[in-house]
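Data block below; observations after.
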Amino acid sequence: MQNPSTQVGTSAGQVRGVESDGMLIWRGVPFAAPPVGALRHRPPVPPPSWAGVRTTVEVPAIAWQSPPPAGMPAPLGTPPPPPTDEDCLYLSVTRPDGPLPTGGLPVLVWIHGGGYITGSSALDTDGVALARQGLLVVSLNMAGSVPDAADLVVTDPVQAGVMTVMAIADTAKFRVDRLKRRVF
């Protein structure tokens, strides 16, 4: 039976996550329109709305990654990364299941490392360990390295990353109270 707490509203439409081992988890929630075509290398814009309920249980594609330096192995225990795609501007939310405390949960926004050339929210943390400590964890993917710089409008990858973080902040600013109390 589907836990009714896993279906929530966003500004673009309804999403359904999953309950797993005492955690409510939503993976692959779009926070911006896919940065492809005319939106490639431009500031993020809100995601298009959708009808119905979008299932958000799979780890989304991550931004294009630079290949590791020759001869550098992956750290032990590192799972294979999810597929890469320019359509990568998604966030994941994890929180403990059950009644929320008065005033909601503290919110932790996890922005992965990688110097705008590697990394993803899926590789750094899935949020479960932090959520078990009583946090609402929001992790996000950011556009990283550029597969084809011919049509690059934003010439500084740090600027592109900052614009992505600003899009998350704009999205979160009006949702945090709702996130803490009702939605996630």
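Treating r as the C-beta distance of ASP21 and THR55 and R0 as 30 Å, the FRET efficiency rounds to 0.95. Projected label points at GLN7 and ASP87, each 7 Å from Cα along the beta carbon direction, are separated by 2.4 nanometres.
Amide hydrogen proximity for GLN7: with H placed 1.01 Å from N in the peptide plane, the residues at 5 or more positions away or on another chain lying under 5 Å are GLY17.
By the beta-carbon count within 10 Å of each Cβ, the least crowded to most crowded order of GLU58, GLU19, fewest first, is GLU58, GLU19. Put in order of Cβ neighbour count within 10 Å, fewest first, the listed residues THR102, THR55 become THR102, THR55. Using the Karplus relation 6.51 cos²θ - 1.76 cosθ + 1.60 with θ = phi - 60°, the per-residue 3J(HN,Hα) values for the range 88-103 come to 9, 8, 10, 10, 10, 10, 9, 8, x, 6, x, x, 8, x, 4, x Hz, with x marking Gly and Pro.
Rule-based calculations on the coordinates, nothing more; no lab input. Keep in mind the model is a prediction, meaning the values are calculated, not measured. A quick note on method: Cβ atoms are made from the backbone with ideal geometry, for glycine too, and the neighbour counts reach across all protein chains shown.
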